[in-house]
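Chemist: Questions regarding the structure given below will be posed in turn.
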Amino acid sequence: MRKAWIVATAAVGAGAAFVMVLVVGVYMVAGNMVNGVGSGTRALAKGSVPAAYQAIVQKWGNLCPAINPALLAAQLYQESGFNPRAQSGAAAQGIAQFIPGTWATHGVDGDGDGDRDVWDPRDAIPSAASYDCSLASYVKSVPGNITENMLAAYNAGPDAVIRYGGVPPYKETRNYVRIITSLEDSFAAPVGRLGPTQQAAGAISYAQTKLGTPYLWGGTGTAGQGGRFDCSGLTQAAYASVGITLPRVANDQYNAGPHPSRGELLPGDLVFFSDDLTNSRAIRHVGIYVGGGYMIDAPRTGAVIRFDPIDTRDYFGATRVTRDGANALPTTV
C-alpha cells in the first residue's frame, strides 16, 4: 500500500498477475447485462471483479459515504491488479498493498476468523475500506471533494492533504487520484443510460482475452504470427468474433459507421488517434473503448495489448460499428 505517508509510483499495470475483466465486467456478454450485484450505492457490474471478491467489495464498499463498491474495486485494481500475492519493492503486501507498519495499525479481521492476514483478501479488502473511511474522516474538514482528498491521503498521507488544503501537488498523487476516479465508472453497473449491445460486449470480451499479448506490426492474430496483433488487427478480429466485418486499417475503420461524440461514447465504440486532427486519412491508431475514459489497444512495437486512457491530445474521434447501437445515436436535421 502506497501509504504510511510515503509516495511511490502508481501505474495501471498491463502485466498485473490477474488481468481482470474490466468492462465485460461492466457489460457481460452472457445476455444479462442489466443489474449489478448487491444493493448499495453504485452496485458493481456483474463480473467486474474476480468472483471470489465480488460480494466482499460490494459489502465493504458501502462502509462510509466517501467510498462506494466501484471506487473500492478501482482502487484494488490500481494497487495490485486484484493479485492477493502482490508485493512491491517498498514492502507493500497483498491485494490492497499495505506496508507492514500501516497494516499493524489499520488491518482488521474482516472474516472474523480470529486473525488479521494481509495476504488474505477477506481481511485485506475490508481493511482497505476501513482505512479509506478513517482517512476520509481525518481529512473531512479539508475543502474540495472528500473522495479525492481521501484517495490523495491514501497515497501521500493525510498530513499532506491537510497541509495543501486538498490533493497535494505531487504528480504521482494526482495521477493516482485521476486514474482511480476515471476507472470507477468501469466497475459500476450502468444506471439510467443506454448499455452496449451484445455484439459490442462480445468484441470487448474478445479483446480482453488478448491482454498482455505482445504487439506485432501488421499482425492479425494468425497462428503464424503467434496470435499477435497490431492496433487495427485487434479491432478487426474482435468484431469479426461477433460477426461484424471491418476494414483492415485504422483510417478505413473510421468510416465503418457513424461517429458518436465524446459524451456519447459507449463501450465497444472504436476510438481513433491522429497527429492531424483535421484529416481522417492521417489516423494512425485505433482502440476499443471500454468505459471510464479507457480503451483496450495494441499500442506499438515493444508494448503489449493493454488498457490505455483515451483523453490525449491526439484523440481524433470515434466510430460505432454495431447497427442497433448506431440507430440509438441522436440524429441531426
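Chemist: Placing +1 at every Lys and Arg Cβ and -1 at every Asp and Glu Cβ, with all other atoms neutral, what dipole size does the stretch 156-305 have around its Cα centre, in debye to the nearest 20? Mind showing how you got there, number by number?
Modeler: Numbers: 12 positive and 11 negative charges, 34 e Å.
Charge dipole of the stretch 156-305: 160 debye, to the nearest 20.
Chemist: Where the accessible area of the stretch 32-166 is counted over protein heavy atoms with a 1.4 Å probe, how much of it, in %, is carbon and sulfur?
Modeler: Working: 2710 of 5230 Å².
So the carbon and sulfur contribution to the accessible surface is 52 percent.
Chemist: Okay, next question. First measure r as the distance between the Cβ atoms of Val304 and Leu277, then evaluate 1/(1 + (r/R0)^6) with R0 = 35 Å and state the FRET efficiency to the nearest 0.05. All intermediate terms of the calculation are to be shown ahead of the outcome.
Modeler: Numbers: r = 27 Å, r/R0 = 0.78.
The value I calculate is 0.80.
Chemist: Now for a separate question. Using the basic label-point model (7 angstrom from Cα toward the beta carbon), what is the Asp159 to Asn145 distance in nanometres?
Modeler: 2.7
Chemist: A further question follows. Per the Cauchy relation, a quarter of the hull surface: what is the mean projected area of the convex hull of the alpha carbons in the stretch 89-224, in nm²? Write out the running numbers ahead of the final one.
Modeler: Values: hull surface 53.8 nm².
Mean orientational projected area (the stretch 89-224, Cα hull): 13.5 nm².
Chemist: Given Cα pairs under 8 Å that are at least 6 residues apart, what percent is the relative contact order of the stretch 173-324? If you can, show how the numbers build up before the last one.
Modeler: Details: 305 pairs, mean separation 41.2, N = 152.
Rounded, it is 27 percent for the stretch 173-324.
Chemist: A further question on this structure: Rg to Rh ratio, the stretch 196-333, alpha-carbon atoms and Kirkwood radius?
Modeler: 0.94
Chemist: Moving to a separate point now. DSSP loop (so not H, G, I, E, B), at most 10 other Cβ within 10 Å: list which trypsin sites (Lys or Arg not before Pro) in the stretch 103-199 pass both filters.
Modeler: For trypsin sites (Lys or Arg not before Pro) across the stretch 103-199 that sit outside H, G, I, E and B with at most 10 neighbouring Cβ atoms in 10 Å, the list reads Arg193.
Chemist: Turning to a different aspect of this structure: For Asp115 and Thr209 in one chain, what is 0.36 nm times their gap in residues minus the Cα-Cα distance, to one decimal in nm?
Modeler: Details: separation 94, 0.36 × 94 = 33.84 nm, distance 3.66 nm.
Working it through step by step, the gained length comes to 30.2 nm.
Chemist: Compute the separation of the alpha-carbon centres of the stretch 223-242 and the stretch 49-68 and state it in Å as a whole number.
Modeler: 35
Chemist: State the extension gain, in nm to one decimal, for the chain segment bounded by Tyr315 and Ala104, taking 0.36 nm per residue of separation less the distance between their alpha-carbons.
Modeler: Extra length from Tyr315 to Ala104 when fully extended: 71.4 nm.
Chemist: Here's another thing I want to ask about it. Long-range amide H contacts for Phe316: which residues qualify at under 5 Å (H placed 1.01 Å from N, peptide plane, sequence gap of 5 or more or a different chain)?
Modeler: Phe272, Phe273, Ser274
Chemist: Residue by residue through the stretch 283-291, what is 3J(HN,Hα) from phi via Karplus (6.51 cos²θ - 1.76 cosθ + 1.60, θ = phi - 60°)? Round to whole Hz and write x for glycine and proline.
Modeler: So the J values, rounded to whole Hz, are 4, 10, 8, 9, x, 10, 5, 10, x.
Chemist: Kindly report, to the nearest 10 Å², the accessible surface of Ser182 as traced by a 1.4 Å probe over protein heavy atoms only.
Modeler: Near enough 40 Å² of accessible area.
Chemist: Once the piece of chain linking Glu264 and Ala55 is laid out straight, how much longer is it, given 0.36 nm per residue of separation minus the C-alpha distance between them?
Modeler: Values: separation 209, 0.36 × 209 = 75.24 nm, distance 3.10 nm.
Gain on stretching Glu264 to Ala55: 72.1 nm.
Chemist: Counting only C-alpha contacts under 8 Å and six or more residues apart, can you give the relative contact order of the stretch 82-191 as a whole percent? Please report the intermediate quantities before stating the final value.
Modeler: Numbers: 138 pairs, mean separation 15.8, N = 110.
Computed over the stretch 82-191, the figure is 14 percent.
Chemist: Between Thr222 and Lys171, what FRET efficiency follows from the Cβ-Cβ distance if R0 is 45 Å, with the result rounded to 0.05? All intermediate terms of the calculation are to be shown ahead of the outcome.
Modeler: On the way: r = 41 Å, r/R0 = 0.92.
Computed FRET efficiency for Thr222 and Lys171 comes out at 0.65.
Chemist: Something else about it: Please compute the per residue accessible area over the stretch 139-283 with all protein chains in place, 1.4 Å probe, rounded to a whole number of Å². Kindly include the intermediate steps, with their values, before the conclusion.
Modeler: Details: 6120 Å² over 145 residues.
I get 42 Å² per residue for this part.
Chemist: In vacuo Debye scattering of the stretch 226-307, one point per C-alpha: log10 I(q)/I(0) at q = 0.13, 0.16 Å⁻¹?
Modeler: Debye intensities relative to I(0), on a log10 scale: -0.38, -0.58.
Chemist: Here's another thing I want to ask about it. For a quick check of understanding: with a 1.4 angstrom probe and all protein chains in place, what accessible area in square angstrom does Asp311 have, to the nearest ten?
Modeler: 100
Chemist: If you average over every viewing direction, what projected area does the convex hull of the Cα atoms of the stretch 39-124 give, in nm²? Please list the in-between numbers first.
Modeler: Working: hull surface 22.6 nm².
Averaging across all directions leaves 5.6 nm² for the Cα convex hull.
Chemist: Taking the stretch 205-289, which trypsin sites (Lys or Arg not before Pro) meet the DSSP loop condition and have no more than 16 other C-beta atoms within 10 Å? Walk me through the numbers before you get to the answer.
Modeler: On the way: sites: Lys210, Arg228, Arg248, Arg262, Arg281, Arg284; in loops: Lys210, Arg228, Arg248.
Qualifying residues, ordered by number: Arg248.
Chemist: Can you classify the stretch 161-243 as rounded, prolate or oblate using the Cα gyration tensor, where a ≥ b ≥ c are the square roots of its eigenvalues, rounded means a/c under 1.5, and otherwise it's prolate if a/b beats b/c and oblate if not? List each step's numbers first, then the result.
Modeler: On the way: a/c = 4.62, a/b = 1.74, b/c = 2.66.
In terms of gyration-tensor shape, oblate.
The values are calculated or read from the model by the stated rules, or taken from the named source; none is laboratory data. What you see is a predicted model; the values in this text were computed from it and never measured. FYI the Cβ positions are ideal-geometry reconstructions off the backbone, even for glycines, and counts take in every protein chain you see. For the accessible areas, the whole protein counts, side chains as well, though only heavy atoms, and no ligand, DNA or RNA atoms are used. Shrake-Rupley method; radii C 1.70, N 1.55, O 1.52, S 1.80 Å.
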